[in-house]
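A short reminder: the numbers here are calculations on the coordinates, not readings from a lab. Predicted model only: the values in this text are computed from it and were never measured. Counting neighbours? That spans all protein chains shown, and the Cβs are built from the backbone with ideal geometry, glycine included.
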Amino acid sequence: MHSTKKVLLVFLPSESGVDGAQSLYGEMDNNTIFSWFNRSFRTIIKQSQFAIPPLALMILSSIEVKGVDQSICDMRFDEFPLNKTWDLVGISVQTGMAKKAFALADNLRSRGIVVVLGGAHVTLFPESCIPHADVLVLGEADDLWKEVLTDLTTGSLKKSYQSDHFPDLAISRPVLKTSLIKKRYFTTNLIQTGRGCQYSCDFCNVHVLNGHNLRRRSISDIVTEVALFKKDDSRIFFFVDDSINANPAFALELFRQLTPLKIRWFGQATTTLGQQHELLETFARSGCMALLVGIESIEAKSRNAHKKNQNKASELAQAIKTIRNAGISLYGSFIYGLDGDTLETPSAILDFISDTRLDVPGINILRPIPGTRVFERLKEEGRLLFDPLDITAYRYTFGQEMLYTPKNIPLDAFIESYSALSRQIFTIKNSIARGLAAPSAKPAVLLFNLFYTHLYNLSRHDLQHQLERSPKKKPFCHTVNNF
Ligand code: SF4
């Protein structure tokens, strides 16, 4: 008789951000008070449950194969359970966390544990993963994972698994959350209604990884899942799709059917929603409390340079006002430092935020992720500040590191203006004011703003540090020449 195979799926924490904000340069040097404050704040952040569960691992752990028992280890909270026996460990690898993933994989393999690597980084850079894995899974793993688990039970694992097509999401694949510890997370009610994006923003890898066609799950599957999830956890729902309004007819029908379930939900949308009046009303009626919208830039030149073409800069402000007037709070994500930006851009951003009364402004620095078009372009133009071959240098942080030289602004002037911008937006006073003025989800808006006040403080500290560490305040150009 065969014994049950034990499989562990592992999720790794990012370097900084909502998973544990911290300085890239240790505990804020020798400043003990700041260091103490930073550690305390990190604990509060964890206990405030900003973390959301790893959806990809939820989906994979829901796949049932006879003779296999799967569980999840979320290393944002737990150490790897080395005291137990594992027949196979699957690690989800994102480019920003590749270094950590490889170190863990090497350690496990040295102990004789079979390691499978999958995720975005493996799909984009399989060659770099081969030395660290027994098995690679390339692309969306919904169908491939069943094959891996079946082969595990028969002792016939292959070196790699790959499909020549994207999974058909219309096929019913119930998602279970039995492997999750509920109280750790902001919510366990994560719902994905589809994948793919028809746009081609050059700093994004969603269209590279999931394709340009919108693939949708069936509405009845989604409604059933929401009803089931709600029984288990009545907290907020989070629709994780990059644009929940990308297919307006689909979204209209879905949220009409969800309205009787009386959920409260957050999601991500494009500002085009401001012109989709019927859909906007339906969102509000179905319990939409807050949406994240990718504004990215209010400079037409920057939008064109980075192929952010789905909505016009001139329509953004009105769209945001319309959505807020419908009672939905907005998290607006900007990127400062795009190729059309100048030193005038920060004051335009400040005016925009004050005019639209945006509830949570997120002011990001462009992070050229390997595998995106902008990474390739900046590499060709000699503007990357780290070795392009060292993909682990392109780690996830929260605006704490410049990875490239801006086109129109000298690096030190850019860091100064970015820091001044975040210092003006994120004060305790402004955070409280935004929390009180939010059309809905006031406590969440307040918490996010306060949290960002802390994170942007870290960002300013680390950017300054990066600048000072470089010889003659020309930090990075010499490095570029070495490539
Ligand atoms: S940034 Fe948003 S709209 Fe642009 S390609 Fe990525 S997912 Fe699509």
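Taking only the Cα atoms of the stretch 381-448, how large is their convex hull per residue, in Å³?
Working: hull volume 9.0 nm³, N = 68.
So the per-residue Cα hull volume is 132 Å³.
Past 27 Å, Cα to Cα: identify those pairs from K182/K262; K99/K183; K84/K177; K230/K442, in the order given. The pairs that break the limit, which is 27 Å between Cα atoms, are K99/K183.
A simple rule links phi to the HN-Hα coupling: the Karplus curve 6.51 cos²θ - 1.76 cosθ + 1.60 with θ = phi - 60°, which for the stretch 385-398 gives 9, 10, 4, x, 7, 8, 5, 5, 5, 8, 7, 7, 9, 10 Hz, with x for Gly and Pro.
Would you mind giving the average projected area, over all directions, of the Cα convex hull of the stretch 211-330 in nm² with one decimal? Could the numbers behind the result be given before it?
Details: hull surface 30.3 nm².
Mean projected area of the Cα convex hull: 7.6 nm².
Three semi-axes describe the equivalent ellipsoid of the chain; taken as square roots of 5 times the Cα gyration tensor eigenvalues and ordered largest first, they are 34, 29, 22 Å.
Using the count of nearby Cβ atoms within 10 Å as a rough guide to exposure, how do S163, S302 rank from fewest to most?
Details: S163 15, S302 24.
Lowest count first: S163, S302.
Excluding same-chain neighbours fewer than eight residues apart, the aspartates and glutamates reachable from K307 by a Cα-Cα span under 14 Å are D202, E296, E299, D339.
P(r) tail, the stretch 327-483: Cα-Cα pairs separated by more than 21 Å, 48% of all pairs. Stokes-Einstein diffusion for the stretch 187-469 at 20 °C, viscosity 1.002 mPa s, with a Kirkwood radius from C-alpha pairs, works out to 108 µm²/s.
What is the magnitude of the charge dipole of the stretch 172-237 about its Cα centre, with +1 placed on the Cβ of each Lys and Arg, -1 on the Cβ of each Asp and Glu, and no other charges, expressed in debye to the nearest 20? Don't skip to the end; give the middle numbers.
Working: 12 positive and 5 negative charges, 56 e Å.
Dipole of the stretch 172-237, to the nearest 20 debye: 260 debye.
Most simply put, the chain has about 5% antiparallel DSSP beta bridges, counting only bridges with both residues inside it. Taking 16 Å as the straight-line reach from the Cα of K429, the aspartates and glutamates in range (excluding those fewer than 8 positions away in the same chain) are D359.
The phi-based Karplus calculation (6.51 cos²θ - 1.76 cosθ + 1.60; θ = phi - 60°) puts the 3J(HN,Hα) values of the stretch 183-200 at 6, 6, 10, 4, 7, 9, 8, 8, 10, 10, 9, x, 9, x, 8, 7, 9, 9 Hz, whole numbers, x for Gly and Pro.
Per the Cα gyration tensor, the stretch 279-387 maps to an equivalent ellipsoid with semi-axes of 29, 15, 12 Å, ordered largest to smallest.
The H on the amide N of G362, modeled in the peptide plane, is under 5 Å from the matching H of G332, S333, F334, each at least 5 residues off or on a different chain. Rounded to the nearest 20 debye, the dipole magnitude of the stretch 187-469 is 800 debye, with +1 charges on Lys and Arg beta carbons, -1 on Asp and Glu beta carbons, and the Cα centre as origin.
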